[in-house]
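This report refers to the structure that appears directly beneath it.
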Amino acid sequence: MAVGRENGGTANGELKGDSHIRYIPRSYSSTDSDASALRLVLAVLPEWEDASSKVEFVRFTDGITNTLLKAVKRRPGLSKEEADKDAILLRAYGNGTDVIIDRHREAQNHELLMRHGLAPELLARFENGMMYRFVRGTVTQPEDLRKPTIYKAVARRLAQWHATVPCIPGRTGHSRKNSKTEGFPAPSRTLGDAEFQWVLDGVAPGKPSPNVWTVMQKWIFALPTDTEEQRAAQAELQQELGTLVSELSQRPGLGVNGLVFAHCDLLSGNVIVTPKSQAVHGDKSAETVTFIDYEYATPSPAAFDLANHFAEWGGFDCDHGVLPTRAQRREFITEYVRAYFDMLPEKPIDIDESAEIEKLFNEVDHYRGVPGFYWGVWALIQATISEIDFDYASYAKTRLGEYWAWRGEVRGERQRSGKEIPLRERRWAQEV
């Protein structure tokens, strides 16, 4: 579990003090999946234990971090839609993922989003996971993200997150025992616990922690360092993070101190198209979406959250030929900016919409290579700890390759070498 946590709070009183979410001292076991899941479900919903009906479990396979099961109570005469209204999701954490994810912060994020009407009811936490209400709707595929009706809906929902959900300060949660800091920042010693926390939280000077920069620093500290090659890779990535922080972290942006409450993992599997009957306001004929899975959510520049989502248009296959063109990005950002300023609790008086669109468009361009770095480092860790059947090593190579291609482009190295522009960079520069 993460060390050095503290409960955050805001001037408006969000989430002060300890969580009141129920805790169940049981765990989910992948080797006894249905039985262990049933015990957890019945601990929350004991009324489901009756002879007239059956609890069924449906496994979702899109994720590459956790195990996700839908529990449904099948009663005679109930349609699938009626049963889904009462269904719950059980999410069991992936092996060793406390190295990557602060699970206390994840639960805090979920509660915070619940209070803003942006997350389903969180029912309980257990030893290695959590349970919450099932979100009805259709899970998108990468090709869906590229449809104008969907990506405009994503833009509006993301703007709502960024405009209305406060950033809660605290210390960056970490798994100290899994962090390798020998040689950082001085080659002659290992950091003590207090100094480690200070270095982690202070990676981006002046920015309250946690934030996307402290998360990346935590991950770099957790990289494997058993071999000379691994230690050299960690040192190189540490140097690159320092460069990114220097270049980008102090740039002006939306939100307080240039940070918004960001999802940071808007792949297609985390975007749900909701039934039109659930539309609360606005045009009921327009598509609406909601987001799930908040384990990576953290304060971040809005431009990173957008650039990260755009990278997901290509899916886990990283199909760079379908990433959003300049015209598509501009359409998305236009929708986002209009919604963002419309939903701010304190609306500014004079907004130059065109200027704000252009500013964010350019900021996203500055961040286009950062998602490759972020997920590349993540995948290097997952390759050493995950039990999920996924080729994390190859994924790390692809994502870090995106980052280095971007670096080569902005530094002019590719042009000087006379090499052909990579597909991802070529697509990013494409107008339509």
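Summed over the stretch 185-208, the residues that are modelled with pLDDT of 55 or more and either open to solvent by 40 Å² or more (accessible area, probe 1.4 Å) or not aliphatic (A, V, I, L, M) (or both) give a count of 14.
For the stretch 297-345, the set of residues classified as among the polar types (S, T, N, Q) and farther than 17 Å from residue 215 by Cβ consists of 325, 328, 334, listed by residue number. Please work out if residue 62 is touching a strand residue (DSSP E or B) at 6+ places or on another chain (Cβ under 8 Å), more than 19 Å from residue 98 (Cβ to Cβ) and at pLDDT below 80. Judged against the criteria, residue 62 is a match.
When the stretch 250-278 is filtered for residues that are open to solvent by 20 Å² or more (accessible area, probe 1.4 Å), under 20 Å from residue 163 (Cβ atoms) and among the hydrophobic types (A, V, I, L, M, F, W, C), the ones remaining, listed by number, are 254, 256.
Of all residues in the stretch 64-110, those satisfying the criterion of being among the small types (Gly, Ala, Ser) and open to solvent by 40 Å² or more (accessible area, probe 1.4 Å) are 77, 79.
For the stretch 398-425, a residue qualifies if it is charged (D, E, K, R) and either surrounded by 14 or more Cβ atoms within 10 Å (Cβ to Cβ) or in contact with an Asp or Glu (Cβ under 8 Å, 6 or more places away or on another chain) (or both), and the qualifying residues are 399, 402, 407, 409, 414, 424, 425. Counting only helices (runs of 4 or more DSSP H) that sit wholly inside the stretch 326-386, those with at least 2 residues that are closer than 17 Å to residue 160 by Cβ and among the charged types (D, E, K, R) are 326-343. Residues in the stretch 227-241 include at least one that is in a loop (DSSP other than H, G, I, E, B) and either over 16 Å from the mean Cα position of the chain (by Cα) or free of Cβ contacts under 8 Å to residues at least 60 places away in the same chain (or both). Scanning the stretch 131-160 for residues that are among the hydrophobic types (A, V, I, L, M, F, W, C), under 17 Å from the mean Cα position of the chain (by Cα) and open to solvent by less than 10 Å² (accessible area, probe 1.4 Å) yields 145, 154, 155, 158, 159.
The values are calculated or read from the model by the stated rules, or taken from the named source; none is laboratory data. Every value quoted in this text rests on a predicted model; they were computed, and no experiment measured them. Note that each Cβ is placed from the backbone with ideal geometry, even for glycine, and that neighbours are counted across all protein chains shown. Surface accessibility is based on the protein's heavy atoms, side chains included, excluding ligands, DNA and RNA. Shrake-Rupley method; radii C 1.70, N 1.55, O 1.52, S 1.80 Å.
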